[in-house]
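What follows is one structure encoded as structure tokens, with my remarks underneath.
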Amino acid sequence: AQSVSQHNHHVILSEAASLELGCNYSYGGTVNLFWYVQYPGQHLQLLLKYFSGDPLVKGIKGFEAEFIKSKFSFNLRKPSVQWSDTAEYFCAGGGNNRLAFGKGNQVVVIP
Amino acid sequence: SQTIHQWPATLVQPVGSPLSLECTVEGTSNPNLYWYRQAAGRGLQLLFYSVGIGQISSEVPQNLSASRPQDRQFILSSKKLLLSDSGFYLCAWSLLGGGQAFFGQGTRLTVV
């Protein structure tokens, strides 16, 4: 079945450190890929998305993700995190009318 | 602009009672609709999705069912709730199949 997997559910890092969250998908055919963020007590919001074209996608708040088809990956990166980046991050993959999410990464940034 | 409404925001129901959660979308036509359950450490589990009126795809066998009686209405139901049905339920819509999803505010269901 089409699925999305995320690893290292809990990530703790200091401000100014770099962040990379892994996402792997298993989809046949065309796939749309997304990263969503959920700040404490808030709703899910879209960070960035990839449908086609340039595999390096820029999102809001300094986040970016790279689609690597050969690795079935869509990893999220931010060069220098801030305390306000503390949140849960979800990778999602869409295709064939489905939209499936990974289990999420709980990221805590220590001031 | 498009909006999605989901209610109620919180619900406490006894074991064995029925359930009906409603979700409606405004400002768009023929959306793809989704029901998810969110649990800590388990992400968003896709429960059902629908591409049109009366068309429901179920992801996992469970005690819940979904219906789409109108184009922009999506209902999550149960005839008899179990304790394990407790959780946070999210409705979402997308314009394209598998496209960017927009979420409702969610329903916190507690079965007692």
message: Which of the strands (runs of 3 or more DSSP E) found entirely inside the stretch B:15-97 contain at least 2 residues meeting this: over 30 Å from residue A:9 (Cβ atoms) and touching a residue at least 40 places away in the same chain (Cβ under 8 Å)?
response: B:19-26, B:73-78
- prompt: Any idea which residue in the stretch B:21-57 is most open to solvent (accessible area, probe 1.4 Å), counting only those that are more than 8 Å from chain A (Cβ to nearest Cβ), closer than 19 Å to residue A:102 by Cβ and of a type in the set (A, V, I, L, M)?
  reply: B:40
Lone qualifier among A:70, A:84, A:80 - being open to solvent by 10 Å² or more (accessible area, probe 1.4 Å), in a loop (DSSP other than H, G, I, E, B) and away from chain B (no Cβ under 14 Å): A:80
Test: residue in the stretch A:7-22 that is of a type in the set (Gly, Ala, Ser), within 11 Å of chain B (Cβ to nearest Cβ) and either without any contact (Cβ under 8 Å) to a residue 60 or more places away in the chain or at positive phi (or both): no
Qualifying residues in the stretch B:58-88 (those that are of a type in the set (A, V, I, L, M) and out of contact with any Cys (no Cβ under 8 Å at 6 or more places or on another chain)) - the one farthest from the other protein chains (Cβ to nearest Cβ): B:81
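The values are calculated or read from the model by the stated rules, or taken from the named source; none is laboratory data. Keep in mind that this is a model prediction, so the values were computed, not measured. All Cβ positions, glycine included, derive from the backbone under ideal geometry; neighbour counts span all protein chains shown. Heavy atoms of the whole protein, side chains included, go into the accessibility calculation; ligands, DNA and RNA do not. Shrake-Rupley method; radii C 1.70, N 1.55, O 1.52, S 1.80 Å.
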